[in-house]
């Protein structure tokens, strides 16, 4: 009865209400399903991205920039080792998530972090300001080391747990920083990269040198990874999206021992000469490999900002051996003699009389030449000289006489073509450094901007003495290599090879300068007999009666030439500011290296017992001697003149020492022609 009664109580109105409720529930459920479908399927990617943005950030994964390695292969019998000049050291950038740090804890946390990273007090206001910015990521400081990072985490982890602060409210981004195991060594050549990277590319900009020249090879590709940032996930939980690709490594021709030797001796020489600065090039003459490229004052890449923010210090950052072109002076006299010998061969081929004879007695007491208002002078009056004596005494007048004969018989264009095509003057060496100077050789018929001709009637005589032209020291090393290697024009280089290592460990050689084919590609520009005559003449320069006796390497033979050239100041040649130098090679018969030493503005003073400080024979020659000796000993080259030591040394034997008899015979000729009973060697 009760069931029937309840059944009869369901009125039509109640039934309608139930249907409406059921339909409403169904519709609401359907709407929920539709909304769920829209959120999960249609707009799922959008909401997923928003959720990820709340909990994840995508950071760039740094690559390791390529490394520069020393040339440890030049010493025979010693295994090649990997000795870097510069390496990438792992560092960290410190970040915070200000939103995740409760306001009542910010001041204490900021103060502790500030003390741990050891920043100067002047940076406190900006440091603390980062905590007040509504952001999920603010950078506090850069380039902190592993120890500092560990100290921060040791303090932070228990503090965050105790105060229920998200542990990843403080986090770190990995990076690499350039580090220099040898400090300032090779600074101008290497340079560095800026500490602040570009915002868009996240790449570091090089400051110059090899870092700039090879930037495209040295830099790698940035990777990407995601970092989960929520209360439930530690900062270490991350996923690599794209792995970073490291840059290529560059194996230099520079040897770190020889670079250190050259820098040390150069610095001593510059200080001893009270000069403004100096530079030196040490090069293997058969391959063009540069073993040392030194400059003083030094440039320390680690402190690059100090140099670039100072108008005077910035001058120390350039590689002057490549960038600075100057009038070389007397170091070009071997070129003048070689050109005259080439002229002899050219005239022979035409069936004509030779230009001159190396043994010819040429009058050198008068320096009047066509087109010159003032006579050319020598540092000491010589009435007559031959080729060897002219080189030994560094006679300007003799070289002018040769130049006069050359242009009178073969013309200006022929003379210039030899300087340009045979000795590559006025042409860059192609060294792997930015902003190399090409130098300058005047051209007949061409005018200066002021309307005057580059090549005048007097130009050949100036060229013969190393004036009215400009060269850099690398070009000079290339020229002297011709005399050292038997007549071949080499291409100087700082790079032996460039190697790219992929992520799977596979090596790819991008560039290889060590192949026999490279050496075989160097053209012969001088015949061996001409080279022999020029080298013979240069051997007298460092012996008694020569201009650079202080370049003599005890126990070894050497050949070279000193120079002292006036600098142009305010458009005129200065009588107080000079470029002093010595260019040569050792041993003389089988040279292992060519060495160019340049002293910039040695003090214009006279030193009792030594002579004129500004002359190359006094300021640059001793630097050559010390670098050369240390280099030969490092290479393990046995003395080729075992009796050629100073008087008083038990090894000294004047009868057996190299070039003693030849020097005495030459002195007899000089005395006979000039009626002088004593050797009078004037340094120049």
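Just so you know, all these numbers are worked out from the coordinates, no wet-lab data involved. Bear in mind the structure is a predicted one, so any value in this text is a computation, not a measurement. Cβ: placed from backbone, ideal geometry, glycine included. Neighbour counts: every protein chain shown.
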message: As I understand it, the value is the acute angle between the Cα axis of helix 621-635 and the longest principal axis of the Cα atoms of the chain; what does it come to in degrees, rounded to 10?
response: 60
- prompt: If contacts are Cα pairs under 8 angstrom and at least 6 residues apart, what is the relative contact order of segment 63-252 in percent?
  reply: 31
message: Using only the alpha-carbon atoms, how far is helix 256-272 inclined from the longest principal axis of the chain? Give it as 0 to 90 degrees, nearest 10.
response: 60
field: Nitroxide proxy distance, nm - points 7 Å out along Cα→Cβ at residue 414 and residue 656
entry: 4.8
- request: Calculate, in nm to one decimal, what residue 11 and residue 353 gain on full extension: separation in residues at 0.36 nm each, minus their alpha carbon distance.
  value: 108.9 nm
message: Considering all alpha-carbon pairs of segment 611-676, what whole percent are spaced by more than 15 angstrom?
response: 71
- line: Simple SL model, points at 7 angstrom along Cα→Cβ for residue 313 and residue 520; separation in nm is 5.1
message: What's the ranking of 299-308, 440-449 by average number of surrounding C-beta atoms within 10 Å, highest first?
response: 299-308, 440-449
field: Proportion of all alpha-carbon pairs of segment 63-252 beyond 27 Å (%)
entry: 42
message: From zero outward in steps of 5 Å, how is the percent of C-alpha pairs of segment 416-488 spread across the bins?
response: 3, 15, 23, 25, 17, 11, 5, 1, 0
message: Computed from the coordinates I sent, Rg/Rh (Cα atoms, Kirkwood Rh) equals one of (1) 1.24; (2) 0.94; (3) 1.02. Tell me the label.
response: (1)
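Convert 10 °C to kelvin, take the viscosity as 1.306 mPa s, use the Kirkwood radius over C-alpha pairs of segment 146-197 as Rh, and evaluate the Stokes-Einstein diffusion coefficient in µm²/s, rounded to a whole number. Provide the component values of the computation, followed by the final result.
On the way: Rh = 14.3 Å.
Estimated diffusion coefficient is 111 µm²/s.
Which of 155, 659, 614 comes first, and how do the rest follow, when ranked by fewest Cβ neighbours within 10 Å? Please list the in-between numbers first.
On the way: 155 15, 659 21, 614 26.
Sorted ascending by nearby Cβ count, the order is 155, 659, 614.
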message: What distance in nm lies between label points placed 7 Å from Cα along the C-beta direction at residue 264 and residue 75?
response: 1.3
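Want the number for residue 22 to residue 146: 0.36 nm per residue separation, take away the alpha-carbon distance, what's left?
Working: separation 124, 0.36 × 124 = 44.64 nm, distance 6.62 nm.
Full extension from residue 22 to residue 146 adds 38.0 nm.
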- prompt: Where does each of 362-371, 244-253, 416-425, 577-586 land if you order them by average Cβ count within 10 Å, highest first?
  reply: 577-586, 244-253, 416-425, 362-371
- request: Report the far tail of the P(r) of segment 253-367, meaning the percent of Cα-Cα pairs longer than 19 Å.
  value: 66
Burial order of peptide ranges 398-410, 112-124 (average beta-carbon count within 10 Å, highest first): 398-410, 112-124
- prompt: Taking Cα atoms of segment 531-660, Rg/Rh with Kirkwood Rh, to two decimals?
  reply: 1.02
- line: With the 8 Å Cα cutoff and a minimum separation of six or more residues, segment 417-472 has a relative contact order in percent of 31
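Run the numbers on the chain and let me know its relative contact order in percent, using alpha-carbon pairs under 8 Å that are six or more apart.
Details: 1361 pairs, mean separation 88.7, N = 684.
Normalised by residue count, the contact order of the chain is 13 percent.
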task: Give the angle, between 0 and 90 degrees and rounded to the nearest 10, that separates the Cα long axis of helix 103-116 from the longest principal axis of the Cα atoms of the chain.
output: 20
query: Residues of segment 148-189 with amide nitrogen under 17 Å from the 7 Å Cα-to-Cβ point of residue 306?
result: 179-188
